[in-house]
Amino acid sequence: MPELSPREAALRGRIGAYVLHARRDAREVTAPARAAFLARFEREVDPDGVLPEGERRRRSLAARKAYFARLALQSARARRADRPAASPVKVVVGTNDGLDRRGTSTTEADDVA
(Lines give C-alpha, C1' and ligand atoms only; values in the text may rest on other atoms or scores of the structure.)
Protein backbone atom coordinates (compact mmCIF):
# COMPACT_ATOMS: atom_id res chain seq x y z
CA MET A 1 0.00 0.00 0.00
CA PRO A 2 1.43 3.40 -0.90
CA GLU A 3 2.22 5.77 1.93
CA LEU A 4 -0.58 8.24 2.62
CA SER A 5 -0.14 11.92 3.27
CA PRO A 6 -1.49 13.13 6.63
CA ARG A 7 -4.46 14.67 4.85
CA GLU A 8 -5.26 11.41 3.01
CA ALA A 9 -4.84 9.39 6.21
CA ALA A 10 -7.28 11.68 8.01
CA LEU A 11 -9.76 11.36 5.16
CA ARG A 12 -9.44 7.57 5.16
CA GLY A 13 -10.02 7.53 8.92
CA ARG A 14 -13.07 9.74 8.58
CA ILE A 15 -14.50 7.44 5.90
CA GLY A 16 -13.92 4.43 8.14
CA ALA A 17 -15.68 6.13 11.05
CA TYR A 18 -18.67 7.02 8.87
CA VAL A 19 -18.94 3.42 7.64
CA LEU A 20 -18.65 2.08 11.20
CA HIS A 21 -21.37 4.39 12.52
CA ALA A 22 -23.60 3.66 9.53
CA ARG A 23 -23.48 -0.05 10.38
CA ARG A 24 -23.52 0.01 14.18
CA ASP A 25 -24.99 2.08 17.01
CA ALA A 26 -22.49 4.67 18.28
CA ARG A 27 -23.41 3.99 21.93
CA GLU A 28 -22.65 0.31 21.40
CA VAL A 29 -19.31 1.06 19.77
CA THR A 30 -18.17 3.44 22.49
CA ALA A 31 -19.59 1.52 25.49
CA PRO A 32 -16.29 -0.16 26.45
CA ALA A 33 -14.43 3.16 26.36
CA ARG A 34 -17.11 4.85 28.47
CA ALA A 35 -17.06 2.01 31.00
CA ALA A 36 -13.27 2.23 31.31
CA PHE A 37 -13.44 6.01 31.71
CA LEU A 38 -16.03 5.79 34.49
CA ALA A 39 -14.20 2.91 36.21
CA ARG A 40 -11.20 5.22 36.51
CA PHE A 41 -13.08 7.36 39.04
CA GLU A 42 -14.15 4.33 41.07
CA ARG A 43 -10.53 3.15 41.25
CA GLU A 44 -9.46 6.67 42.21
CA VAL A 45 -11.80 6.88 45.22
CA ASP A 46 -11.60 3.21 46.29
CA PRO A 47 -8.36 1.65 45.01
CA ASP A 48 -8.67 -1.35 47.36
CA GLY A 49 -12.37 -1.96 46.70
CA VAL A 50 -13.34 -1.84 50.38
CA LEU A 51 -16.13 0.75 50.28
CA PRO A 52 -19.79 -0.28 50.04
CA GLU A 53 -21.16 0.03 46.49
CA GLY A 54 -23.38 3.02 47.27
CA GLU A 55 -20.57 4.99 48.92
CA ARG A 56 -18.14 4.14 46.11
CA ARG A 57 -20.70 5.32 43.55
CA ARG A 58 -21.33 8.58 45.48
CA ARG A 59 -17.62 9.33 45.78
CA SER A 60 -16.87 8.44 42.17
CA LEU A 61 -19.63 10.80 41.04
CA ALA A 62 -18.06 13.60 43.09
CA ALA A 63 -14.61 12.77 41.64
CA ARG A 64 -16.06 12.86 38.11
CA LYS A 65 -17.71 16.23 38.77
CA ALA A 66 -14.40 17.58 40.10
CA TYR A 67 -12.62 16.29 36.98
CA PHE A 68 -15.02 18.06 34.62
CA ALA A 69 -15.02 21.24 36.74
CA ARG A 70 -11.19 21.31 36.44
CA LEU A 71 -11.51 20.88 32.67
CA ALA A 72 -14.01 23.75 32.52
CA LEU A 73 -11.67 25.97 34.53
CA GLN A 74 -8.72 25.14 32.26
CA SER A 75 -10.87 25.82 29.21
CA ALA A 76 -12.02 29.19 30.54
CA ARG A 77 -8.44 30.18 31.31
CA ALA A 78 -7.29 29.13 27.84
CA ARG A 79 -10.10 31.09 26.16
CA ARG A 80 -9.29 34.12 28.27
CA ALA A 81 -5.60 33.88 27.35
CA ASP A 82 -6.46 33.66 23.62
CA ARG A 83 -8.83 36.63 23.73
CA PRO A 84 -7.38 40.00 22.72
CA ALA A 85 -7.31 42.62 25.45
CA ALA A 86 -10.64 44.39 25.79
CA SER A 87 -10.74 47.93 24.54
CA PRO A 88 -11.65 50.54 27.17
CA VAL A 89 -15.34 51.25 27.52
CA LYS A 90 -16.40 54.73 26.51
CA VAL A 91 -18.98 56.25 28.85
CA VAL A 92 -21.00 59.12 27.43
CA VAL A 93 -22.71 61.35 29.99
CA GLY A 94 -25.68 63.61 29.36
CA THR A 95 -27.38 61.80 26.51
CA ASN A 96 -30.69 61.19 28.26
CA ASP A 97 -33.40 61.69 25.66
CA GLY A 98 -36.11 61.81 28.30
CA LEU A 99 -37.27 58.23 27.74
CA ASP A 100 -36.82 55.24 29.97
CA ARG A 101 -36.12 51.71 28.69
CA ARG A 102 -39.75 51.13 27.77
CA GLY A 103 -39.92 54.34 25.74
CA THR A 104 -42.06 56.06 28.37
CA SER A 105 -41.40 59.74 29.00
CA THR A 106 -39.37 60.52 32.10
CA THR A 107 -39.78 64.31 32.07
CA GLU A 108 -41.98 66.03 34.62
CA ALA A 109 -43.86 68.02 31.99
CA ASP A 110 -45.16 64.83 30.41
CA ASP A 111 -46.22 63.40 33.79
CA VAL A 112 -48.59 66.30 34.44
CA ALA A 113 -51.43 65.78 32.04
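The values are calculated or read from the model by the stated rules, or taken from the named source; none is laboratory data. Predicted model only: the values in this text are computed from it and were never measured. All Cβ positions, glycine included, derive from the backbone under ideal geometry; neighbour counts span all protein chains shown.
Residue under question is Glu3, and the condition is that it be among the acidic types (Asp, Glu) and surrounded by fewer than 10 Cβ atoms within 10 Å (Cβ to Cβ); does it hold? The answer is yes for Glu3. Each residue in the range 1-40 was checked for being farther than 30 Å from Ala63 by Cβ and of a type in the set (S, T, N, Q), and 1 of them qualify. Among residues of the range 23-45 that are free of Cβ contacts under 8 Å to residues at least 12 places away in the same chain, those with a Cβ under 9 angstrom from a residue that is among the polar types (S, T, N, Q), sequence gap 6+ or separate chain, pair up as Ala39/Ser60; Arg40/Ser60; Arg43/Ser60. Does Ala9 qualify as being part of a helix (DSSP H, G or I) and either touching a residue at least 24 places away in the same chain (Cβ under 8 Å) or surrounded by fewer than 10 Cβ atoms within 10 Å (Cβ to Cβ) (or both)? Here the answer is no, as Ala9 does not meet what is asked.
Restricting to the range 24-36, what's the tally of residues that are basic (Lys, Arg) and closer than 22 Å to Arg64 by Cα?
Looking only at that region, the number is 2.
When the criteria are applied in full, Arg59 fails the requirement of being among the charged types (D, E, K, R) and modelled with pLDDT under 95.
Listed here are the residues, each with its yes/no results for (1) out of contact with any Ser or Thr (no Cβ under 7 Å at 6 or more places or on another chain); (2) basic (Lys, Arg); (3) closer than 19 Å to Tyr67 by Cβ; (4) not in a loop (DSSP other than H, G, I, E, B).
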site: Glu3; (1), (2), (3), (4): yes, no, no, no
site: Tyr18; (1), (2), (3), (4): yes, no, no, yes
site: Ala22; (1), (2), (3), (4): yes, no, no, yes
site: Leu38; (1), (2), (3), (4): yes, no, yes, yes
site: Gly49; (1), (2), (3), (4): yes, no, no, no
